[in-house]
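Below is one structure; the comments refer to it alone.
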Amino acid sequence: MGPESLFHAVVSDRQFTDVLEGRSSVTGSSLSRRVRRRLVPWFWPRILDASSWVESSETRGWNPYSYLRSEPRRLLQRLLQGTQTNESVLDLGCNCGSDLDILRRRGFTGLYGVDAGIDALDIFAREFPVTWQMATVENDLFQRYLYRADTNTVGVIHSHGATLELVHPSFPLIKHMCRVARSRIYIQIMERSHSYPRDYIGEFRRHGFDLVYADRNMPEYGESLLKFHAR
């Protein structure tokens, strides 16, 4: 049984729903999550890491309000330099919608987003109602969202930080990102210093996307800004 088939054999739709709804039987306390990680083999599929984003609110975890902004950061600036407004963009981990709103104000219309945090998406709907109505946004985990997405759904994928880094390697994240994107993928991540380090460049290359730009001199947490093109 290969890694992806093992993932789908172990992780059910019900588990996704339970994590998204913050069911105590699945997420439990932070202590129980730590104990569970120690008890199961490292390779065993898991989605509990996403509960940190699900549970984030104004008073807990990563406050979605701290991600509100009106001007693009470096990752989105790089995307804007090389993307036409008639191209569709998927924001993996769209949070409160700031980046999608910036894109909409710059003339983009084919906008997609997904995020596990319901509080973040509630803020999105309140703060950016025009973009919320225009964009196609789902409350889901990346694994289920990408697995269900059609091949070549969007022109460009954009994702920033721990939203990617917390996806357990039992799910072939890069494979599905490359399947869903037609043209380019922009990510800003810590390539090594996190729970689930990946050979990002090697995995993208194996699935048909080559690294065409890298900025590894970013002051924020030692992150790298990487741009990949489909062959």
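The values are calculated or read from the model by the stated rules, or taken from the named source; none is laboratory data. Keep in mind that this is a model prediction, so the values were computed, not measured. Counting neighbours? That spans all protein chains shown, and the Cβs are built from the backbone with ideal geometry, glycine included. Calculation scope for accessible area: heavy atoms of the full protein, side chains included, ligands and nucleic acids excluded. Shrake-Rupley method; radii C 1.70, N 1.55, O 1.52, S 1.80 Å.
Per-residue answers, yes or no, for (1) β-branched (V, I, T); (2) over 24 Å from R231 (Cβ atoms); (3) crowded, with 20+ Cβ neighbours inside 10 Å:
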position: L164; (1), (2), (3): no, no, yes
position: P172; (1), (2), (3): no, no, yes
position: S183; (1), (2), (3): no, no, no
position: H194; (1), (2), (3): no, yes, no
position: R198; (1), (2), (3): no, no, no
position: G202; (1), (2), (3): no, no, no
- Mind checking which residues of segment 56-87 are of a type in the set (S, T, N, Q) and open to solvent by less than 40 Å² (accessible area, probe 1.4 Å)? S56, S57, T83
- Among G113, G107, which is small (G, A, S) and in contact with a helix residue (DSSP H, G or I) (Cβ under 8 Å, 6 or more places away or on another chain)? G113
- Task: Go through segment 146-162 and give me each residue that's assigned to a strand (DSSP E or B) and either open to solvent by 10 Å² or more (accessible area, probe 1.4 Å) or touching a Cys at 6+ places or on another chain (Cβ under 8 Å) (or both).
- Result: H160
- Query: Got a number for residues in segment 186-210 being closer than 21 Å to A162 by Cβ, outside any loop (DSSP other than H, G, I, E, B) and touching a Leu at 6+ places or on another chain (Cβ under 8 Å)?
  - Reply: 7
- Going through segment 60-91 one residue at a time, which ones are modelled with pLDDT under 95, in contact with a strand residue (DSSP E or B) (Cβ under 9 Å, 6 or more places away or on another chain) and outside any helix (DSSP H, G or I)? N63, R73, G82
- Filtering segment 124-145 down to residues that are surrounded by 23 or more Cβ atoms within 10 Å (Cβ to Cβ) and farther than 29 Å from S170 by Cα yields F124, T131, A135
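Please determine whether any residue of segment 92-115 is closer than 21 Å to D49 by Cβ and assigned to a helix (DSSP H, G or I).
First pass over segment 92-115, keeping only residues closer than 21 Å to D49 by Cβ: 92-96, 113-115.
Next, from what is left, pick out any that are assigned to a helix (DSSP H, G or I): none.
No, because not a single residue in segment 92-115 is closer than 21 Å to D49 by Cβ and assigned to a helix (DSSP H, G or I).
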- Task: Select from segment 206-231 the residues that are modelled with pLDDT under 90 and open to solvent by 50 Å² or more (accessible area, probe 1.4 Å) and list them in ascending order.
- Result: R216, N217, P219, E220, Y221, G222
- Task: For L173, indicate whether it is within 13 Å of the chain's Cα centre (by Cα) and closer than 23 Å to T153 by Cβ.
- Result: yes
